[in-house]
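Quick notes on the structure that follows.
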Amino acid sequence: MALLEIKNLHASVAGNEILKGINLTINPGEVHAIMGPNGSGKSTLSNVLAGNEVYEKTQGEILFDGKNLDDLVAHERARAGLFLAFQYPVEIPGISNMYFLKAAVNAGREYRGEEQLDAMDFIDLIEERKKVMNIRDDLLERAVNSGFSGGEKKRNEIFQMAMLEPKLGILDETDSGLDIDALRIVSDGVNALRDPERGFLVITHYQRLLDYIVPDVVHVMVHGQIVKSGGKELALELENEGYASWVGEEGI
Amino acid sequence: MDLMQLRKNAADHFKANGFPTTKDELWRFTDVSPVANTDFSSEWNASDLAFQPLSSYCLVFENGKLSPEKSKLNAFPEGVKVGSIMDHVDPRLGTLADAQSAFVAANTAGFSDGTFIEIAEGVELETPIHLVFLADVAGAAFHPRNFISIGIGAKVTVVEEYIGAADITYWTNAVTEVFVADRGTVDHYKVQRESATAFHFQTVEAQLGENAVFSNHAITIGGGLGRNDIRGKLIGEGGEAICNGLYLLNGKQQFDTHLFMDHAVANCNSHELYKGILDEKARAVFCGRILVQQDAQQTDAVQSNKNLLLSRGAKVHTLPQLEIYADDVKCTHGATIGELDETALYYLQTRGIDPVRGKAMLTYAFANEVLDEIKSASVKTYLENLVHEWLEKVSE
């Protein structure tokens, strides 16, 4: 069974149609990349998948792990194993990263019928996972993303993914604003989570990230549609030739 | 002036002026006619209300009168004098609290008990003194009067807590005067958990000497109609006043906070952080007046009032008032009134946290900024629990 199956997906924001018939299938263990120019609908796709109610799905079907996503609101999708690493992680003053993570981990465990982690077990899990992402203890004590640098925010997103162990990780322009060292740390974190059961959808503007997180399939998205799919070499082709041949003379 | 004369003057002032009305600029948004139009009794009963002593030093007032049986008054260290204000009348009593206020006048004329705390020079009392005011006589008026004075370099923590029986109407009208001598530190907490249909008014007025520190944390949960007047006079250089507060209001509660910080001399700091969470048809008023007198150069004054509205029926009036007569000062103020951050709520949801839990987490986080500033661990834990209980109640 496919992990994610998107059929003829149309979606709009405030009455403007952004996605105009997306078809995409991700099988367990696969890493798919979506590349495309600004405004092509990449972030809309990730938000529609995560269940952001600002975006309205107008047509089509999304099956995730056999479940129709129409039946699940955002927190239920997360509990079912769908994770979105935000392009702009949200700052939440007043809630410590630790407290937030514990609430999130235990929400997923409750959904799966597993016992709640107590403080000791939770700390053990944190200690184990924080090493890969190079997360310092003070980042755990501080309020969620508050006052974090751009790199710290992105590392924190991947760290959350490592803690929550989703079935599908969606990375929305995780590479934006990262220097080469931070990019390497983030990519190492993602690669450590690659698993025959887990899929990834990596949304990016640049080919650079795909040198580190090597995809199985690359899709080109323009004007709300996937206009070409291919192997990892497609990313290099795009890097050299740009999106001009798909965008057309009118531009975006 | 002796106490008799002080009381007579106050009674005369009150008779001549009566209660303020909404035509009075300082009372524009708070109509106290429900208090003015009620005849209060002076009936007395013992109280059956439960309370949790926060310290080994605890004074309990039952319906206005000190209860030696319920209090824990023994074994204060040397240099610490604590007892009923009726047994210790300091000549400075009544010299600090605003004599023009009708509520202060009513208290001065009518107080029949309260706390007297005097800490000698250099004595640092680490254990907080917990003052508990229990009210469960419907229709009664209580005028507790508290007097706190600490010597040079002395230190004390005082927690005033007002607890009322549910759904009865009565009037608490408290006044607390605080004298902080040079290099002294007073941490003062006020926890207001009156009945949701009670009237609660209090004036806290503090005077700070050189390098003295006064902090006030006012946590308001109860009361149907009420107001805190918290006033600081910085009369010695290097003084620091901190006034923080949290008001959690629902139903038809109306609560007003008037801060007045008087910077009379140079090199003093004042910090004011007030946050409010309002649900249903609750109303709040925040008025923060900061006066920087001509001599008060290098004043550093910061004021912030932030409000979170959980319902469309809730309403807040926030009024910063800066009066600055010195030219080399740093004064900032800010006020916000808003709703829960939908983006933050979505972010929590994408991590599996359901919206009910997410809203509770974000609301608590909003309040937490004020609780975080509380130094006393026992007081902090106690208040954290009260805030959690309140949030659970409003999320039902």
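The values are calculated or read from the model by the stated rules, or taken from the named source; none is laboratory data. Everything numeric here is computed off the predicted structure, so don't read it as measured data. Counting neighbours? That spans all protein chains shown, and the Cβs are built from the backbone with ideal geometry, glycine included. These accessible areas exclude ligands, DNA and RNA; they are computed on the full protein's heavy atoms, side chains included. Shrake-Rupley method; radii C 1.70, N 1.55, O 1.52, S 1.80 Å.
Ignoring ligands, DNA and RNA, what accessible area per residue does segment A:41-186 give at 1.4 Å, in Å²? Could you put the intermediate results ahead of the total?
On the way: 6020 Å² over 146 residues.
Per-residue value: 41 Å².
Solvent-accessible area per residue for chain B at a 1.4 Å probe radius, Å²? Don't skip to the answer; put the middle values down first.
Numbers: 15650 Å² over 396 residues.
Normalised by residue count, the accessible surface of chain B is 40 Å².
So if R0 is 22 Å, what FRET efficiency would B:Glu339 and B:Glu389 give, r being the distance between their Cβ atoms, rounded to the nearest 0.05? Calculated transfer efficiency: 0.45. The reciprocal of the average 1/r between distinct C-alpha atoms defines the Kirkwood hydrodynamic radius, which for segment B:318-396 equals 15.6 Å.
Of the accessible area of segment B:192-266, with the probe set at 1.4 angstrom, what percent is carbon plus sulfur?
With neighbouring chains kept in place, the figure for segment B:192-266 is 47 percent.
Counting only heavy atoms of the protein chains and using a 1.4 Å probe, A:Val132 has close to 70 Å² of accessible surface. With the convex hull of its Cα atoms as the shape, the protein assembly as shown has an orientation-averaged projected area of 34.1 nm².
Basic side chains Lys and Arg get +1 at the Cβ, acidic Asp and Glu get -1 at the Cβ, and with that the dipole of chain B about its Cα centre reaches some 740 debye. Placing unit charges on the Cβ atoms of the charged side chains and taking the dipole of the protein assembly as shown about its Cα centre, the candidate lying farthest along the positive direction among B:Leu259, A:Ile158, B:Gln293 is B:Leu259.
A dipole drawn for the protein assembly as shown from +1 and -1 charges on Cβ atoms has a positive end, and of B:Ser376, B:Leu278, B:Gly184 the residue lying farthest that way is B:Leu278.
If a spin label sat at a point 7 angstrom from the Cα of A:Lys20 along the line to its beta carbon, the backbone N atoms of segment A:40-75 nearer than 13 Å would be those of A:40-41. Across the accessible surface of segment A:4-247, with the other protein chains kept in place and a 1.4 Å probe, carbon and sulfur atoms take up 47 percent. Centroid-to-centroid, using Cα positions, segment A:20-93 and segment A:156-216 are 15 Å apart. Treating each Cα of segment A:175-252 as one equal point scatterer and applying the Debye formula with no solvent, the log10 of I(q)/I(0) at q = 0.25 Å⁻¹ comes out as -1.27. Pairs exceeding a 24 Å alpha-carbon distance, out of A:Lys67/A:Lys130; A:Lys153/B:Lys359; B:Lys275/B:Lys380; A:Lys20/A:Lys228; A:Lys57/A:Lys153; B:Lys306/B:Lys359: A:Lys67/A:Lys130; A:Lys57/A:Lys153. In percent, what relative contact order does segment A:4-247 have, based on Cα pairs under 8 Å that are 6 or more apart in sequence? Normalised by residue count, the contact order of segment A:4-247 is 29 percent.
With a 1.4 angstrom probe, the accessible area lost at the B-A interface totals about 1800 Å². Note on chain A: with a GNM built from Cα contacts shorter than 10 Å, the maximum mean-square fluctuation among A:Glu110, A:Glu165, A:Glu157 falls on A:Glu110. Given R₀ = 35 Å, FRET efficiency for A:His205-A:Ser146 by Cβ-Cβ distance, to 0.05? Efficiency for this residue pair is about 0.85.
With +1 on each Lys and Arg Cβ and -1 on each Asp and Glu Cβ, and nothing else charged, work out how big the dipole of segment A:4-247 is about its Cα centre, in Debye to the nearest 20.
On the way: 25 positive and 39 negative charges, 66 e Å.
Using only the charged Cβ atoms, the result is roughly 320 debye.
Need one value: the accessible area of A:Lys167 in square angstrom, 1.4 angstrom probe, rounded to the nearest 10. Its accessible surface works out to 80 Å², give or take rounding. Here the simple spin-label model places points 7 Å from the Cα toward Cβ, and for B:Lys23 and B:Asp328 these points are separated by 4.6 nm.
For the residues of B:337-348, the average number of beta carbons from a partner chain within 10 Å of their own beta carbon is 5.
Averaging 1/r over every pair of different alpha carbons in segment A:4-247 and inverting the result gives a Kirkwood radius of 18.5 Å. Rolling a 1.4 Å probe across all protein chains gives B:Trp44 an accessible area of roughly 110 Å². Only helices enter the 222 nm calculation for chain A: every DSSP H run of n ≥ 4 contributes -39,500 (n - 2.57), and dividing by all residues gives -11000 deg cm²/dmol, rounded to 500. Take every DSSP beta bridge whose two residues both sit in chain B; close to 5 percent of them are antiparallel.
Once you've got the GNM for chain B with C-alpha springs shorter than 10 Å, pick whichever of B:Ala181, B:Ala241, B:Ala326 has the biggest mean-square fluctuation. Checking each option, the largest mean-square fluctuation is seen for B:Ala326.
The separation of segment B:319-347 from segment B:145-217, counted between C-alpha centres, amounts to 25 Å. For the residue pair B:Gln298 and A:Asp216, what label-to-label distance in nm results when each label sits 7 Å from Cα along the Cα-to-beta-carbon direction? Calculated label separation equals 6.9 nm.
Magnitude of the Cβ-charge dipole of the protein assembly as shown, K/R +1 and D/E -1, about the Cα centre, nearest 20 debye? Present the calculation step by step, with values, prior to reporting the outcome.
Values: 58 positive and 94 negative charges, 172 e Å.
Charge dipole of the protein assembly as shown: 820 debye, to the nearest 20.
Accessible surface ranking for A:Leu72, B:Leu73, 1.4 angstrom probe, highest first: B:Leu73, A:Leu72.
The fraction of Cα-Cα pairs per 10 angstrom bin, counted from 0 for segment B:3-341, comes to 6, 26, 35, 25, 7, 0 percent, rounded to whole percents.
Take every DSSP beta bridge with both residues inside segment A:4-247 and express the antiparallel ones as a percent of the total, to the nearest 5.
Working: 25 of 43 bridges.
Around 60 percent antiparallel, to the nearest 5.
Placing a pseudo-label 7 Å from each Cα along the Cα-to-Cβ vector at B:Lys252 and B:Met4 gives an inter-label distance of 4.6 nm. Long-range amide H contacts for B:Asp113: which residues qualify at under 5 Å (H placed 1.01 Å from N, peptide plane, sequence gap of 5 or more or a different chain)? Correct list: B:Arg145. With contributions of -39500 (n - 2.57) from each DSSP H run of at least four residues, the per-residue ellipticity at 222 nm computed over chain B stands at -5500 deg cm²/dmol.
So for B:Lys190, B:Lys315, B:Lys252, what's the accessible-area order with a 1.4 Å probe, most first?
Details: B:Lys190 5, B:Lys315 105, B:Lys252 165 Å².
If we order B:Lys190, B:Lys315, B:Lys252 from most to least accessible, we get B:Lys252, B:Lys315, B:Lys190.
Between B:Val356 and B:Asp98, what is the FRET efficiency for a Förster distance of 45 Å, r being their Cβ-Cβ separation, to the nearest 0.05?
Working: r = 45 Å, r/R0 = 0.99.
For B:Val356 and B:Asp98, the calculated efficiency is 0.50.
Shape of segment B:1-41 from the C-alpha gyration tensor: oblate (a/c of 1.5 or more and a/b not above b/c, with a ≥ b ≥ c the square roots of its eigenvalues). Cα centroid separation, segment B:253-275 to segment B:53-69: 29 Å. Neighbouring Cβ atoms from other chains, within 10 Å of the Cβ of residues in A:75-83, number 4 on average.
What is the mean number of Cβ atoms from other protein chains located within 10 Å of the Cβ atom of each residue in peptide B:351-364, rounded to a whole number?
Numbers: counts 18, 21, 10, 7, 3, 1, 3, 6, 0, 0, 7, 4, 1, 3.
Across the residues of B:351-364, the mean count of other-chain Cβ atoms within 10 Å is 6.
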